[in-house]
Structures are given as structure tokens and as C-alpha cells.
């Protein structure tokens, strides 16, 4: 494993971090058992689904990936879910049942047949949910794995991993450890100097300042042991406009809906901000190649098109700061930290601590999952969704996932934080219509 992936693995031992990639296949004609057999056979041809985690003896190194054949126990059927609401209810119970990457870093849940899934026109549907350890993949890589799993054509063969040899791995780690310590010391000074340069560039106005902490809102309350999920499926065109990406359109929609939800409950939403998950630039060297930005949602701007422009500018500023050379220097220094030291830091970190201030009041993870050409059980994919995990001080998250010309804004929360998901879904639907009208009016006005 790389350092970022090892950190994801160790963190997952402390708090739930699994990803849940939902795909709804419309017009299905085959039973779930047939879909299970198809997926098991396909999984055996996908390198990323043919491995598991192995620990190096005496924990001298980061965990290693070792070969492991897919097992039928990794595909679970839920044949008693006849409605879309049933599907989300059961999935809400499953999101706390995390995979054990030492056994298998993934699992598939099959639901159906359903006849009332969104955007399905009453056709029979099967819902497939790919559950995956975050150590195995970030959002983009997870979508690529799902594409291999559900595509018509077989995936490109990958070179299998060598046989797992724990003693050899331990010896190699022991030999490498002194060099890692030396490399860590060598990289620490350039990282420090780069950070000082970031401070000077910020003071000179060349780089946007670090976002300030914000007061907590009710969405920063700790969730209880229950999860509730929701989803709104919309045309991707409704969230796009001149200079407005789907991500920005979705953030604008969420700012309207969440702001109104809070206002209806007597809470001032003027400080509203979101932690946005964004892919890092460049060629990934790790399975997890992303970062989080704190983005202002500008609830003080009334016009949705103007608010979208303000959110886009906030996102641009966060990218500009994150792209400063100091970030690369810090990443190189972190990558040089020996595994035992890195593991010690994570194992002794207090994940139950709640800060006095937060950087965001919800998480928004946005991924384009490609063209709508995936198939299963005789049906074709209609939409896709995702449900980012909750934390001790993040009780509401949003997944924004597109496939083909459809985008789903999905919601994950807890009754202890947001008791009425249905009401919030309606606010999201209304906000999408409002954003679409504003963006299309702006497009007509500018002649785009």
C-alpha cells in the first residue's frame, strides 16, 4: 500500500468509511440469482476485486495487498425489498456493516425486482450496490471498478499480484526502515520552507487565505446508530449553466435546500459551508488521490445564478490554494514517514473529539461515473448514486453522482440529526427546479 491508502485502511478500523456505489438497472428480465452469478464471474477477471489486505509481521511496514479469489459470500441478495423505499431503508441499515479488507475489501448487495424506482417509468428494476473499503479506491477509481464490473465488454486483464510472503515482506521492511527515517528527515526541511513560502504568498495576496473556522450548525451533531438515506434524480442539464459545472450547480441546489431547511427550524444559515471532495491533479500514485475543500455556500446571495457564480469562485480559490507547491512538498514529506510512526499517530488520534469550530456543515462528494452503457440482469443503467459516510461532527452528507444524462443528489443522515428526510428531499427537488430556471434564463440572456 501507499501511505495515503494505508491511512485510509487504518482510519477505517476506527470509524466507518466504506463507499456505497448504487446503480439502478431499468428493464431487467433476469432474476437476482442470475445477476449474482454474472457478477461473481466478472469479479474474478478484475484485478482490484481479486485481492485482500495482509499485515506485515511485527507491523514493520504498511499493510500489503495480496491475491485472493472472489467468493460468493461477497454478493448478497435482498429479494424482500419490493419498493425503492424498502431498498433505501435496508441500505441505511447496511451502511454501518463495514467490510473487513483482510477477508475481502468489497461486497455487492442486490435488491429487487423494484417497480417504483426513480426515473424508471414503472419498468422492473434491479439495484446493485457495490460496497468498497476506501483503502481499495477513492471515488474515481471505485467508479472505474464498477464500470469493469457492469460493462458489456470484459475488462482488460491485469497482471496478478505475486504470492504473499510475509517473512520476505518483514525482512524488506526492516532493511528499508533506516532509509525511510533518513528520507523523512531530508524531506522535512523542504516541506517546512515550502510552508513558510505559502504563508508569505498568502500575506502578499498571491494565494487565497486559509478558510476560517465556522460555528457549528445542527448538521454537525453526532449521528446515532441509525441511518436514513434519500435521493433525487434529475437531468444533468438542470445543474449546468454558463460557467457552472454540475458540481457547482449541485452545491447551489444544496445551499438553497439546506438553508431553507435550517430557516424553517429557526436556525440562521448565513455561515453555511460545505466540505467538497475533489480529485487531485496529476497522475495518481495511490488508490486514494483526492482532497477536501471548504467551500462557502453564499446563502447571502439571493439569485441562484449569482449564488452559483459566487460558489464557483469560492471553489476556484480553494483549488488555487491547494495547488500551491507547498502541498506537493508536504505530501512528499508525509509519504516518507515510516509506517510504524504513521500508524501510531492514527491509532492514538481521538476520533470522538468534537471541535469548537468546523470547516463545513455538510460533505459533498461529486463524481462523474461516465456514459450510461452499463448492463445487468437484462437491464440498462438508469441512474447511479453514492452515500458518503457520516462522522462524529458531520451528520449530513451529500453524494452528487452522474451517469449519462442523469445526476443523483443523494442524502445520508441520521434521525438524530435530520428527522425528516422526505421533507428535505422535497426541498432539494424544488431547489433543482429553481436553479435550472435561473441557469437557463441566464444562458438565454447571455446568448449561450
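Please pull out the direction-averaged projected area of region 132-176, using the convex hull of its alpha-carbon atoms, in nm² to one decimal place.
4.9
Efficiency by 1/(1 + (r/R0)^6): what FRET value for residue 193 and residue 224, r their Cβ-Cβ distance, R0 = 60 Å, to the nearest 0.05?
Efficiency, from the Cβ-Cβ distance: 0.85.
At a 10 Å Cβ-Cβ cut-off, how would you order 283, 46, 409, fewest neighbours first?
Fewest-to-most Cβ neighbours within 10 Å comes out as 283, 46, 409.
Relative contact order (percent) for the chain, with alpha-carbon contacts under 8 angstrom and 6 or more residues of separation? Can you show the working numbers first?
Numbers: 901 pairs, mean separation 110.9, N = 448.
Computed value for the chain: 25 percent relative contact order.
Say R0 is 25 Å: what FRET efficiency, to the nearest 0.05, do residue 116 and residue 434 get from their beta-carbon distance?
Rounded to the nearest 0.05, the efficiency is 0.45.
State the dimensionless ratio Rg/Rh of region 1-40 (Rg: radius of gyration of Cα atoms; Rh: Kirkwood radius).
Details: Rg = 16.6 Å, Rh = 13.4 Å.
The Rg/Rh ratio comes out at 1.24.
Could you sort the peptides 161-167, 433-439, 198-204 by per-residue average Cβ neighbour count (10 Å cutoff), highest mean leading?
Working: 161-167: 11.6, 433-439: 19.3, 198-204: 13.1.
In decreasing order of mean packing, 161-167, 433-439, 198-204 become 433-439, 198-204, 161-167.
Mean residue ellipticity at 222 nm from the helices of the chain, using -39,500 (n - 2.57) per DSSP H segment of n ≥ 4 over the full residue count, to the nearest 500 deg cm²/dmol?
-12500 deg cm²/dmol
Taking 25 °C and 0.890 mPa s as the conditions, I'd like the Stokes-Einstein D for region 379-448 in µm²/s, using the Kirkwood hydrodynamic radius from alpha carbon pairs.
172
Taking the simple approach of a point 7 Å from Cα along Cα-to-Cβ for both residue 328 and residue 416, what is their distance in nm?
Label at residue 328, label at residue 416, 4.4 nm between them.
By per-residue mean of other Cβ atoms within 10 Å, what is the highest-first order of 126-138, 285-297?
126-138, 285-297
What number, in percent, do you get for the relative contact order of region 366-448 if the mean sequence gap of Cα pairs under 8 Å and at least 6 apart is divided by its residue count?
Normalised by residue count, the contact order of region 366-448 is 23 percent.
Please report, for the Cα atoms of region 237-383, the Rg to one decimal and the Dmax as a whole number; what are they, in angstrom?
Here Rg and the maximum Cα pair distance are 18.9, 52 Å.
Which parts of region 86-112 would a label at residue 71 reach, counting a residue when its backbone N lies under 19 Å from a point 7 Å out along Cα-to-Cβ?
Only 97-110 pass the distance filter.
For a Förster distance of 56 Å, can you work out the FRET efficiency between the beta-carbons of residue 83 and residue 174, rounded to the nearest 0.05?
The pair residue 83/residue 174 has a calculated efficiency of 0.50.
Kindly provide the Kirkwood hydrodynamic radius of region 308-448 in Å, to one decimal, from all pairs of distinct alpha carbon atoms.
19.3
What Kirkwood radius, in Å to one decimal, follows from the Cα pairs of the chain?
For the chain, the Kirkwood estimate is 23.2 Å.
Rounded, prolate or oblate for region 118-202? Axes are the square roots of the Cα gyration tensor eigenvalues, ordered a ≥ b ≥ c, and the cut-off for rounded is a/c under 1.5.
Judged from the Cα gyration tensor, region 118-202 comes out oblate (a/c at least 1.5, b/c at or above a/b).
Between region 56-104 and region 262-279, what is the C-alpha centre distance in whole Å?
Cα centroid of region 56-104 versus Cα centroid of region 262-279: 32 Å apart.
For the peptides 259-272, 306-319, what is the packing order when you average, over each peptide's residues, the other Cβ atoms within 10 Å and list the highest mean first? The partial results should precede the final answer.
Working: 259-272: 14.8, 306-319: 19.7.
By packing density, highest mean first, the sequence is 306-319, 259-272.
Relative contact order for region 220-290 using alpha-carbon pairs under 8 Å, separation at least 6, rounded to a whole percent?
13
Where a number appears in this text, it was derived from the coordinates with a stated rule and is not lab data. From a predicted model like this one, the values you see are computed outputs, not experimental measurements. As a convention, Cβ positions derive from the backbone with ideal geometry for all residues, glycine included, and neighbour counts pool all protein chains shown.
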